[in-house]
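Single-structure report; data block below.
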Amino acid sequence: MPLEDTGRWKTKEKGALQMSKAEPLIAIVDDDDSVRTTLSALMRESGFEAVCCPDIPSFMALGDPPPVDLALIDLRLRGESGLTLAIHIRERYEIPIVMLTGVGDEIDKIIGLETGADDYLIKPFNPRELVARIRAVLRRYGHGTSKPGAPIGQGIVFGSKRIDIQTRRLLDAEGEEIPLTNAEYRLLEYFARNPNRVIPRPELLEELGSDMQRYVDRTIDVLILRLRRKIEPVASKPVHLQTRRAQGYIFHLSPDGS
């Protein structure tokens, strides 16, 4: 069965695959065309490469052992079970596994000793959380997940944290990622690009645009509260992201307000 070309692997006449880049390769096993396309794009944007498999035979056709760094498997494949593939991988290879599941699925079986999945996410999930989970699993297996060739200095530092603009990640002092939702990241980057300026709520809503459809009243306040819990030493006493009553919010790169 032919595999979808994602740019990293080239299909030869006999079906062998040739590697052309060094980024971690994620095998996406999902029977939904649109999901595979979306996840493949997300992986590339996040510093990975991807090979897409619509079913278990397509994954098996990658080779023995499959030349991938992680398998991202949907539990409910059409006519098959993702658990079957997970068990096959765990019995034969040292390949990390992340499962995508639906509400009501038996999570204990997915991450139990029999299957051996390393992590799972319940649909619908936040894309940035998925990327963070994948990076964490790869780190446990000793894989580096930094985007190769990223220019030094393409980031914004505030306090002990750093926003990596190229990979759209928030990093702590040790370089570990602090997971953010897409809306949280966009809000934080906008603040960091506009420091020491009071930004009114309507301007923030305009910046976030369609993301606001997910929230109800006081949407900005909710996001601000979540951000403070992730970026401030003490969320109740913010030194970076501060409120200006009846005006909006202001962001300081340094704790002393500069």
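The values are calculated or read from the model by the stated rules, or taken from the named source; none is laboratory data. Treat the numbers as computed from the prediction; the structure is a model and nothing was measured. A quick note on method: Cβ atoms are made from the backbone with ideal geometry, for glycine too, and the neighbour counts reach across all protein chains shown. These area figures cover heavy atoms from the full protein model, side chains too; ligands, DNA and RNA do not enter into them. Shrake-Rupley method; radii C 1.70, N 1.55, O 1.52, S 1.80 Å.
The set of residues in segment 218-258 being hydrophobic (A, V, I, L, M, F, W, C), open to solvent by 70 Å² or more (accessible area, probe 1.4 Å) and outside any loop (DSSP other than H, G, I, E, B) consists of LEU225 alone.
Counted as qualifying within segment 67-168 are the strands (runs of 3 or more DSSP E) with 1 or more residues that are modelled with pLDDT of 75 or more and farther than 15 Å from ALA27 by Cβ, namely 97-101, 119-122, 155-158, 161-164.
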